[in-house]
Structures are given as structure tokens and as C-alpha cells.
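The values are calculated or read from the model by the stated rules, or taken from the named source; none is laboratory data. The structure displayed is predicted, hence computed values, not measured ones. Cβ coordinates were reconstructed from backbone atoms using ideal geometry, including for glycine residues, and neighbour counts include every protein chain displayed. All accessible areas refer to the heavy atoms of the entire protein, side chains included, with ligands and DNA or RNA removed. Shrake-Rupley method; radii C 1.70, N 1.55, O 1.52, S 1.80 Å.
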Amino acid sequence: VQLVESGGGLLQAGGSLRLSCIGSGDTFSAYAMGWFRQAPGKEREFVAGISRTGSNPRYADSVKDRFIISRDNAKNTVYLEMNIVKPEDTAVYYCAGERTNNYSYTSLSHYAYWGQGTQVTVSS
């Protein structure tokens, strides 16, 4: 599957943004999907994950209660709604996919397919 993210940009702290990731080339509903981010000088880290059917969403503690992951399999798209953003949310955000049963994953190593990333910059 090929993954393409969009929706990144520059915003002020406290604001909201929605990222999208559209998949093509395979049956999107067969894939667990995740969002990761990488800030300058830091390792890529898990943000949120969702199962094939949209159940069992999982979040990093740093974004829990602020970010929401969802998917629309009819549109081959996974979303990351970012609310009450903070300067520390600044990073390149990547979507990732893995063909699997109905699980959601938090580890980078579980995902075989990655998008090219979209930059999110939060100013204070």
C-alpha cells in the first residue's frame, strides 16, 4: 500500500489541526494504521494507532485526551485530529500501515508501510 499524508502546517498553541493519510494500491481496510512523529534530533515516536475496523484506538500518553485517530475505509483514509496543540507537538508526522488481523499497534517495528510525512509546527 502507498500512503500519502496531508494537512500539516503552522499553527499557534491551543489550536487544532486535522491530518489525513490516504492509502492506495491495496485493500485499505486490511491494514492497521498508525501515526508517528519525529522532532528534530529525536527518534520517531508513536502517537496513535487504530485497528482495521476502527476499534481499539491507542494513544501515547503525551497526546491522550487531545488527539483523536479515526478512519474512513470507504475513503481509504485515516485521520489524526489534533486539539489543544502545544509547541512540543512540533514534528514531522508520518502515517504507517500494516496488513494484519484486527489489532492496533504502538511499535514502529510492527509497521511495514510508511508515508513521506507532513510537517506540523506549533508556535507559542
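Quick notes on this one:
- Meets criteria (touching a helix residue (DSSP H, G or I) at 6+ places or on another chain (Cβ under 9 Å) and either under 25 Å from residue 1 (Cα atoms) or in a strand (DSSP E or B) (or both)) for residue 78: yes
- Criterion (open to solvent by 10 Å² or more (accessible area, probe 1.4 Å), in contact with a strand residue (DSSP E or B) (Cβ under 9 Å, 6 or more places away or on another chain), among the β-branched types (Val, Ile, Thr) and in contact (Cβ under 8 Å) with a residue 40 or more places away in the chain) met by exactly one of 1, 78, 47: 1
- Checklist (1) closer than 18 Å to residue 115 by Cα; (2) β-branched (Val, Ile, Thr); (3) crowded, with 16+ Cβ neighbours inside 10 Å applied to residue 63, failing item: (1)
- Residue in segment 98-115 that is surrounded by the fewest Cβ atoms within 10 Å (Cβ to Cβ), counting only those that are of a type outside the set (A, V, I, L, M, F, W, C) and touching a Leu at 6+ places or on another chain (Cβ under 8 Å): 113
- Considering residues of segment 94-123 that are of a type in the set (Ser, Thr, Tyr) and assigned to a strand (DSSP E or B) only, the residue nearest to residue 52 (Cα to Cα): 113
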